[in-house]
Amino acid sequence: MNSWDGASKIYHWLLSFAISFELFSSTLMSDVSTNSAFPAPSSVGVFDAHQIGGILCAVVLGAYLHRVRRDTRVRERLFPWLHRGGMAPVWSETRALLRGRLPPAGAAAGLPGFVHGLGVLIMIGMALTGVLNILLRPGVTIPFSFGFAPTFFIYSVESVVHNAISVMAWAYWIGHVAFAVIHEAAGQGVIRGMFLPAETPRAEAGDTSLREPMQ
């Protein structure tokens, strides 16, 4: 079974819930194509919850990026294109996948880490444009705006960008869940490894390798 470290599991729990809520709640909201800067009255509650959830999601992403910045191994796993030779295992595992062989799961460099990195970038884009969507809404006073007043055109363009990134987020969410199920069916234990605490190995009778040393 491929088990991740405790911090990764906590971030994955938080982001899984927050991003899933944002995606599914967005299906109940009005779209900018309706030529209305505000949602229909029946969806105001969902709209407000979506805003709050988006801000919380941005905060969790910010905390996660702080960890990525401090941990070289995590950074190289998620963004292999940032260092020399990092893409070699990605291409190798991609060719193997096209021949029907799944890449190894878990916290390892290669294709899974690269795909996770793409997901992080998509979610960052969705969170940033979501926050801008709140700030650029006509009638909203932006702190330190120096008199800048967003127009409905600016708000509409930004909303279109946010919606386009949300489509990519949906595609990533569906693909991520689908491949997790495929890995699980292949016996790699990715779902338990990511969401459940790691099992503590038990020492067999006569095996002293896991016992406390004699004082």
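The values are calculated or read from the model by the stated rules, or taken from the named source; none is laboratory data. Because the structure is predicted, anything quoted here is derived from the model rather than measured. Glycine also receives a Cβ, built like all others from the backbone with ideal geometry; neighbour counts cover every protein chain displayed.
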What are the residue pairs meeting all of these: first residue in segment 12-24, first residue farther than 17 Å from Gly62 by Cβ and touching a residue at least 24 places away in the same chain (Cβ under 8 Å), second residue buried (at least 17 other Cβ atoms within 10 Å of the Cβ) and small (Gly, Ala, Ser), Cβ atoms under 6 Å, and 6 or more apart or on different chains?
Phe21/Gly53
Can you confirm whether Met194 is at pLDDT below 80, surrounded by fewer than 16 Cβ atoms within 10 Å (Cβ to Cβ) and not charged (D, E, K, R)?
no
Within segment 69-98, track down each residue that is part of a helix (DSSP H, G or I), surrounded by fewer than 18 Cβ atoms within 10 Å (Cβ to Cβ) and of a type in the set (A, V, I, L, M, F, W, C).
Trp81, Leu82, Ala88, Trp91, Ala96, Leu97, Leu98
Of all residues in segment 95-115 being in contact with a helix residue (DSSP H, G or I) (Cβ under 6 Å, 6 or more places away or on another chain) and either of a type in the set (A, V, I, L, M) or modelled with pLDDT of 90 or more (or both), which is nearest to Phe47 (Cα to Cα)?
Phe114
Could you list, ordered by first residue, the pairs with Cβ atoms under 9 Å in which the first is in segment 145-159 and at pLDDT below 75 and the second is in a helix (DSSP H, G or I), at least 6 apart or interchain?
Ser145/Leu135; Pro150/Leu135; Pro150/Glu158
